[in-house]
Every structure is written in C-alpha cells, then in structure tokens.
1. Working only within region 43-64, note down all residues that are among the charged types (D, E, K, R) and in contact (Cβ under 8 Å) with a residue 60 or more places away in the chain.
2. Of the conditions (1) farther than 30 Å from Met23 by Cβ; (2) assigned to a loop (DSSP other than H, G, I, E, B), Met67 satisfies every one except a single condition; which number is it?
3. Have a look at Ala154, Ala131, Ala127 and point out the one that is in a loop (DSSP other than H, G, I, E, B) and either open to solvent by 30 Å² or more (accessible area, probe 1.4 Å) or modelled with pLDDT of 90 or more (or both).
4. Can you name every residue in region 59-87 that is open to solvent by 80 Å² or more (accessible area, probe 1.4 Å), within 16 Å of the chain's Cα centre (by Cα) and not acidic (Asp, Glu)?
5. When you check Ile125 against the structure, is it touching a Cys at 6+ places or on another chain (Cβ under 7 Å) and closer than 22 Å to Asp41 by Cα, yes or no?
6. Identify the residue in region 88-121 that is of a type in the set (Gly, Ala, Ser) and crowded, with 16+ Cβ neighbours inside 10 Å and, among all such residues, is nearest to Thr42 (Cα to Cα).
7. If I ask for residues that are touching a Ser or Thr at 6+ places or on another chain (Cβ under 8 Å) and outside any helix (DSSP H, G or I), which ones from region 86-115 would you list?
8. Would you confirm, using the coordinates I've provided, whether Asn177 is open to solvent by less than 20 Å² (accessible area, probe 1.4 Å), touching a Pro at 6+ places or on another chain (Cβ under 7 Å) and closer than 21 Å to Met67 by Cβ?
Amino acid sequence: KCSISPMCLECQTHSEYDCSTLMRLTSLPDVKLDLLKKHLDTYGLLRCLLLQENPETREHFERMLNMESHLEKRRNTPIWQQHNKEIIQPLIKSNILKGLQMAESINEDLLQKICSIWDVNSHEIRAPDTAAMRGLYVNVSLLAHHCCPNANQAIDDQYRMKVYANRDIGKDEMVTNSYTNLLL
C-alpha cells in the first residue's frame, strides 16, 4: 500500500500504524517515490523514524538513540560518506521526512547517528526462512566483546535472541559475547 518497498507487497510484515503512516506519507504531493525505490536502504532508516512517530513504540526509539554510535569517530569517514550518498541524501531529497511529526528535529546528524547505531550494535540474523539480515537487540548489545566469550547467542524462529552461558561465569565476571562469527 505504501508503494516504497518490494518487501511488503501484502503489508503483513509491519504494523497497521506503520502501514497507514507510510501510505499517508507516500501520498503527499512532493514525495519522490522513484528516489526511494532506487535507494531501498532508505526504508530501514524510515522505519526507525516511524518508531518515534508511533506513541506505542516511541520508547523503543528513545532506547535506540541512547545506544553507542561512535558518531564523532565516524564523522567524514568513508562509511559516513557512503551512508550520506546512499541513504541520507536520498531520504532527505525524497521529501518524505517533511510529513513526519518530528520533521523539524530531523537533520543529517540524527540520521547518521541512527545509521551508526545500527552499524555498531546490530547482530547478523540467519533465520530459517530468509537470507542473512540484521537485527537490533538493545539488551544483548550491552554485552562486551571478547574473542573467547563466555556466552553465545541464538535466534529462534520468532526472531527472539537468547543468550546462553557456554561455561560457568563467576559472580563478578562480565558476561561477554563475540561481535563476529568465531570462525572468522
């Protein structure tokens, strides 16, 4: 219904709020749908902004914004420039952001911060029904990295992440996981 993403052809993968909001936004006269369709990575960032728009999910947006972003370390780096070219500028130039309640507070730094949070904190998901994708698990992202972690994580068929100790963990010992595939 929103005409943006080929991933939601039957509108079953997102909430009714997101669907109706995206329909409203894409029907605005200035919105350049072709630009959004050409840059499909804009869809993930737009979905993050919808978390703030929806009163039922606003707290999730706030929790996400409090996550580590390393924003200043990334400023003007190649990844910053790539996100700017492939995601942020197309999203801004599409004019879809003008229809959001938070439109006046959206700027390039906020959009870069959200992209950075995802880059720094997301986990690769290999679900049985799909190819690899990324998920943001706020609590698991708080775990420190260690090359020989004392915990492992697994994703179930409901996309819930579960963390398991892989050995006895001492009372004052930090719970750690590996941010990458251990075989790499």
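The values are calculated or read from the model by the stated rules, or taken from the named source; none is laboratory data. The shown structure was predicted, so the numbers you read here are calculated from the model rather than taken from an experiment. Virtual Cβ from ideal backbone geometry, glycine too; neighbours counted across all protein chains shown. These accessible areas exclude ligands, DNA and RNA; they are computed on the full protein's heavy atoms, side chains included. Shrake-Rupley method; radii C 1.70, N 1.55, O 1.52, S 1.80 Å.
1. Arg63
2. (1)
3. Within the list Ala154, Ala131, Ala127, the selection yields Ala131.
4. Answer for region 59-87, where residues must be open to solvent by 80 Å² or more (accessible area, probe 1.4 Å), within 16 Å of the chain's Cα centre (by Cα) and not acidic (Asp, Glu): His60, Arg63, Asn66.
5. no
6. Ser94
7. Within region 86-115, Ser94 is the sole residue that qualifies.
8. yes
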